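**Student:** Got a structure here, written out as structure tokens. Questions coming.
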Amino acid sequence: MSDKTQAILSLQPNAKFTMVGDEITSWESDDITQPTEEEVNAKIAELNILDTRKIAYGNITDQLDKLWHDINDGKLDKTGSWYLAIKQVKDDNPKLGE
């Protein structure tokens, strides 16, 4: 699924439309407003930021392992490896609006 298709479906999940390449050739949902190009581009940017954050966090297994080691080492505070790794992801990849 293209970024544009994903963005449109994120904005209007019940919409029916046809696309050729990156162009909407037919909007088949008269009761649903077709998003503007600006709205679609903004949603694409938002989804890309969310994907970047998700990838940066890494898999949950590694996070839980870091957390276990921090508990085992008595570092369940801001000095633990789990906290420092998560803080780095949040600092490097702020949510929209932060």
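**Student:** How many residues are closer than 18 Å to ILE44 by Cα, out of contact with any Asp or Glu (no Cβ under 9 Å at 6 or more places or on another chain) and charged (D, E, K, R) if we restrict to the range 1-33?
**Tutor:** Counting residues in the range 1-33 that are closer than 18 Å to ILE44 by Cα, out of contact with any Asp or Glu (no Cβ under 9 Å at 6 or more places or on another chain) and charged (D, E, K, R) gives 1.
**Student:** Can you tell me which residue in the range 46-98 is farthest from LEU11 (Cα to Cα), limited to those that are under 18 Å from the mean Cα position of the chain (by Cα) and of a type in the set (Gly, Ala, Ser)?
**Tutor:** Checking each candidate, the answer is GLY58.
**Student:** Within the range 4-27, count every residue that is farther than 23 Å from LYS95 by Cα and surrounded by fewer than 12 Cβ atoms within 10 Å (Cβ to Cβ). Break it down into steps so the answer makes sense when it comes.
**Tutor:** The first filter runs over the range 4-27 and keeps only residues farther than 23 Å from LYS95 by Cα, leaving 14-27.
If we keep only those that are surrounded by fewer than 12 Cβ atoms within 10 Å (Cβ to Cβ) too, we end up with 14, 16, 18, 20-23, 25-26.
Count: 9.
**Student:** Return yes when PRO35 is loosely packed, with under 11 Cβ neighbours inside 10 Å and at pLDDT 95 or above and no when it is not.
**Tutor:** no
**Student:** Within the bounds of the range 51-68, is there any residue that is free of Cβ contacts under 8 Å to residues at least 24 places away in the same chain, open to solvent by 90 Å² or more (accessible area, probe 1.4 Å) and either on the phi > 0 side of the Ramachandran plot or among the aromatic types (Phe, Trp, Tyr) (or both)?
**Tutor:** Checked the range 51-68: at least one residue is free of Cβ contacts under 8 Å to residues at least 24 places away in the same chain, open to solvent by 90 Å² or more (accessible area, probe 1.4 Å) and either on the phi > 0 side of the Ramachandran plot or among the aromatic types (Phe, Trp, Tyr) (or both).
**Student:** Condition test on ASP30, is it free of Cβ contacts under 8 Å to residues at least 60 places away in the same chain, charged (D, E, K, R) and open to solvent by 50 Å² or more (accessible area, probe 1.4 Å)? Steps first, answer last, please.
**Tutor:** On the way: free of Cβ contacts under 8 Å to residues at least 60 places away in the same chain: yes; charged (D, E, K, R): yes; open to solvent by 50 Å² or more (accessible area, probe 1.4 Å): yes.
Considered against the rule, which asks whether it is free of Cβ contacts under 8 Å to residues at least 60 places away in the same chain, charged (D, E, K, R) and open to solvent by 50 Å² or more (accessible area, probe 1.4 Å), ASP30 comes out as yes.
The values are calculated or read from the model by the stated rules, or taken from the named source; none is laboratory data. The model shown is predicted, which means the values in this text are computed figures rather than measured ones. Cβ: placed from backbone, ideal geometry, glycine included. Neighbour counts: every protein chain shown. With ligands, DNA and RNA removed, areas are computed over all heavy atoms of the protein, side chains included. Shrake-Rupley method; radii C 1.70, N 1.55, O 1.52, S 1.80 Å.
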